[in-house]
Ligand code: NI
């Protein structure tokens, strides 16, 4: 298996909607998920979507116990979501700092819905569903954007709040 190279902003494959995974493809998706997981762990990410390793299918994984990149966030259980569908539970939204393995070294303040419901399939084809709040909900919305060909800088409302991690970290006195 091993890790895969992460596509960076500028790559066309990050700007196009991904295809749905059909039932017959589920068996081969297992190896993609293993590669996603190893790549995410090697890069210390908290989530990753298949288009980020050049595979334009609707697959995301996320979850962490403790993250160096987001040290103040509560753990999120490791989850594989294939063909995810998100729905908004309330119109309430909040801004939060976000980064992306495909946009290395940069972060931006991105508005996201506070609470969402999600459903999708696991590797066995079972239905996975749940409700997520706060950073957990943010991660799922971020990864789902990858499946639509959207990167977080496109969501930033005020580009004054888009910058280099090291500078932001110092000026804010650590990650919020
Ligand atoms: Ni990302």
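Below is a table of values for the structure above.
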quantity: Cα pair distances exceeding 17 angstrom across the stretch 82-176, given as percent; calculated: 54
quantity: Extension reserve of the residue 9-residue 91 stretch, reckoned as 0.36 nm per residue once the Cα distance is removed; calculated: 26.6 nm
quantity: Rg/Rg_ref, the stretch 3-139, where Rg_ref = 2.2 N^0.38 Å and atoms are Cα; calculated: 1.02
quantity: On Cα atoms only, tilt of 134-148 relative to the major axis of the chain in degrees; calculated: 60
quantity: Over the chain: helical MRE at 222 nm, DSSP H runs n ≥ 4 each giving -39500 (n - 2.57), nearest 500; calculated: -7000 deg cm²/dmol
quantity: Stokes-Einstein D in µm²/s, Kirkwood radius over Cα pairs - the stretch 1-59 at 37 °C with 0.692 mPa s viscosity; calculated: 278
quantity: Rel. contact order, % - alpha carbon contacts under 8 angstrom, at least six apart, the stretch 1-109; calculated: 26
quantity: Percent of Cα-Cα distances greater than 13 Å, calculated over the stretch 49-95; calculated: 70
quantity: Separation of alpha-carbon centers, the stretch 1-52 and the stretch 55-80, rounded to whole Å; calculated: 13
quantity: Distance in nm between pseudo-label sites at residue 169 and residue 133 (7 Å out along the Cβ direction from Cα); calculated: 3.0
quantity: Acute angle (nearest 10 degrees) that the helix 26-42 long axis makes with the longest principal axis of the chain, alpha-carbon atoms; calculated: 30
quantity: The stretch 120-176: radius of gyration and largest Cα-Cα distance (Dmax), Å; calculated: 15.6, 46
quantity: Debye equation applied to the C-alpha atoms of the stretch 64-127, log10 I(q)/I(0) at 0.24, 0.29 Å⁻¹; calculated: -1.22, -1.15
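We did not get these values from a lab; they are worked out from the coordinates using the rules stated. Values in this document were obtained by computation on a predicted structure and should not be read as measured data. Note: ideal-geometry Cβ built from the backbone for every residue, glycine included; neighbour counts use all protein chains shown.
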